[in-house]
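Below: the structure, in structure tokens.
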Amino acid sequence: MRNLAMLISAAQSKIEPDIIFKNANVVNVFTNQVEKCDVAVYNGVIAGLGEYSGKNEIDVNGKYLLPTFIDSHCHIESSLVSPVEYAKLVVPKGVTAVIADPHEITNVSGENGLKFMIESAKDLPLDVHYMLPSCVPATPFDSAGAVIDSALTKEYLERYDFKGLGELMDFVSVLNSSDEVLSKLEDVDIIDGHAPSISGKELCAYLCANVKTDHECTSAREAAEKVARGMYVQVREGTSAKNLKDLIPAVTPHNVSRFLFCTDDKHLDDILEEGTISNCVQKAVSLGVDPIDAIKMASLNAAQCYKLDKCGAIAPGYFANIIVSEDITASKITEVYKKGVLVAKNDKALFDKQIEDSSAVTNTVHIDEVKPEIFELEFSHNTPIVKVMPDTLVTQKITVKDKEGLSLCACLERHNGTNNIGKGFVYGFGLKNGAVAQTIGHDSHNITVLGSNPDDMALAVNSLGNDGGIAVVIDGKVEAKMTLAISGLMSDKPADISVNEYINIKKAVEKLTPESKIDTLMMLSFLSLCVIPEIRISDKGLFDVTKMEVIK
């Protein structure tokens, strides 16, 4: 109570604030105005806006003060670095909170993966609000390294501090009122959705399960319908899935409060180059969104959606989570404050923490050495082909007359030594003279390999070893390799080392696919995700998502 009394006194200038930001242009997300005033901070909380003075004054000389940003849906694992290193990447870009679904590592390492992520996120100037994965595995057809059923869901919700239930991808089981799936949803306040193309009565039925959000919209029409039915729509701009340009036309002054920004999956090189949520703000503004509306989508809306108290605005009683920027769109961030503490300056993190002990989540690849002949596959003009396209995770099922432009693709189970392998042809990568293999394959994260010939595919897979990672083979030689020792998903090295390794991987992949407009690595990682239309490759074979069955 004494702290509250002191805060009240600081607000009235009866005692001196800890920090005073002088001569600021404060972005007000409640009124969509910019206020020229001072901002007083006491004990990490904003005491007041107006005219203040004291010993610790920071003259920002007319720079903009913005509330720090919130990524409303992300998978930290997709950055390829640990939560500690991830924080060092995103905090300097203005993000001080993320809603993170750790279902990638959980599908591999189960509860050990959850505990690793939770422990790694402690004592960081990044609030990592974890959602308990709802789909481990993603569907009953998947071969994952762990299973979280309804009984374990209830147990984990009681044992750990989860914000809610992570993206509910198995919408078919929801619509069919599966007892097992519905029992996971009982007594959960916040449930994230994953509902590509669901509309009409099926959408109504899905929302009756108390689903709150969706990040899988691909058109303004779809986004507008979901908002009209009471959902929050997360406008996604990741590495491979880029929906912002298509969804922004759905945003109006009347419904803007129902839109949030998210990245979902974004690789570390893209984070370093363009940021995460700040990139969304800038792109939205370039497409005609009012700058303060864009900032609201990046901060206040997410805070309200996920009930993050005292976050998302620069106002009395709110945490002093503040971006100092030379412009209103946060393209020139100079400082980032978390609860009144300077945590980043001039794009550099001012905090340090070592990566947590990862021994419980290493050596997760359990597969015998493979021979080239297992990748051989007959072709006919009736063979179903997976067609991939730029800037979307959606695929199409097609047939073609000949093998021109086709690549071989396979998914190999890597958790339990079953020797399962699914194979198919893919059109759209334009890969030649080699192969790329990785232990990143949403969401069960088996091995996915893409190649022009069986010999190079076998070499790429065998090069992954027990730790897993990414391997690129060109003309019979390993051109580049990146070890991802943490569950075959994340590097246990610092971000600056990891990004150089990943850049070498990308350069090698570009040699294999010089004419491709597709992010090969990201798209390859989603080819086994059997919940995104239209056709996928699982470890059990080609999978028709619309029918939810293996193609015989």
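The values are calculated or read from the model by the stated rules, or taken from the named source; none is laboratory data. Given the structure is predicted, the values throughout are model-derived calculations rather than measurements. Don't worry about glycine lacking a Cβ; one is built from the backbone with ideal geometry, like all the others, and counts go over all protein chains shown. Just so you know, the surface numbers come from the protein's heavy atoms only, side chains and all, with ligands and any DNA or RNA stripped out. Shrake-Rupley method; radii C 1.70, N 1.55, O 1.52, S 1.80 Å.
Things to note:
One line per residue, one yes/no per condition, for (1) open to solvent by 20 Å² or more (accessible area, probe 1.4 Å); (2) touching a Phe, Trp or Tyr at 6+ places or on another chain (Cβ under 6 Å); (3) within 16 Å of residue 184 (Cβ to Cβ); (4) not basic (Lys, Arg):
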site	(1), (2), (3), (4)
64	yes, no, no, yes
84	no, no, no, yes
106	no, no, yes, yes
114	no, no, yes, yes
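- Count of region 261-292 residues, restricted to those that are in contact with a Phe, Trp or Tyr (Cβ under 9 Å, 6 or more places away or on another chain) and over 25 Å from residue 84 (Cβ atoms), is 2.
- The sole residue among 173, 219 that is open to solvent by less than 50 Å² (accessible area, probe 1.4 Å), in contact with a helix residue (DSSP H, G or I) (Cβ under 7 Å, 6 or more places away or on another chain) and modelled with pLDDT of 95 or more is 219.
- Scanning region 230-238 for residues that are over 21 Å from residue 331 (Cβ atoms), at pLDDT 95 or above and more than 17 Å from the chain's Cα centre (by Cα) turns up at least one hit.
- Count of residues meeting criterion [assigned to a loop (DSSP other than H, G, I, E, B) and either at positive phi or of a type in the set (Val, Ile, Thr) (or both)] in region 311-340: 8
- Residue pairs meeting the criteria (Cβ under 7 Å; at least 6 apart or on separate chains; first crowded, with 24+ Cβ neighbours inside 10 Å, in region 287-302; second modelled with pLDDT of 95 or more and aromatic (Phe, Trp, Tyr)): 297/259; 297/261; 298/69; 298/261; 299/69; 301/259
- Residue within region 289-300 that is under 28 Å from residue 346 (Cα atoms), outside any helix (DSSP H, G or I) and of a type in the set (A, V, I, L, M) present: yes
- When residue 71 is tested against (1) in contact with a Phe, Trp or Tyr (Cβ under 8 Å, 6 or more places away or on another chain); (2) assigned to a helix (DSSP H, G or I); (3) acidic (Asp, Glu), exactly one condition is not met: (2).
- For region 109-150, a residue qualifies if it is over 17 Å from the mean Cα position of the chain (by Cα), part of a helix (DSSP H, G or I) and under 18 Å from residue 441 (Cα atoms), and the qualifying residues are 109, 110.
- Checking each residue in region 459-497 for being in a helix (DSSP H, G or I), out of contact with any helix residue (DSSP H, G or I) (no Cβ under 6 Å at 6 or more places or on another chain) and small (Gly, Ala, Ser) picks out only 460.
- Screening the candidates 59, 101, 18, 71 for the property of being touching a residue at least 60 places away in the same chain (Cβ under 8 Å), open to solvent by 20 Å² or more (accessible area, probe 1.4 Å) and among the charged types (D, E, K, R) yields one hit, 18.
- Residue count for region 325-361 satisfying the condition of being within 15 Å of residue 277 (Cα to Cα), open to solvent by less than 20 Å² (accessible area, probe 1.4 Å) and in contact with an Asp or Glu (Cβ under 8 Å, 6 or more places away or on another chain): 0.
- Number of positions in region 79-106 that are assigned to a helix (DSSP H, G or I) and modelled with pLDDT of 95 or more: 15
- The residue that is least open to solvent (accessible area, probe 1.4 Å), among those in region 403-448 that are within 26 Å of the chain's Cα centre (by Cα) and at positive phi, is 445.
- For region 238-252, a tally of residues being open to solvent by less than 30 Å² (accessible area, probe 1.4 Å) and closer than 18 Å to residue 533 by Cα returns 3.
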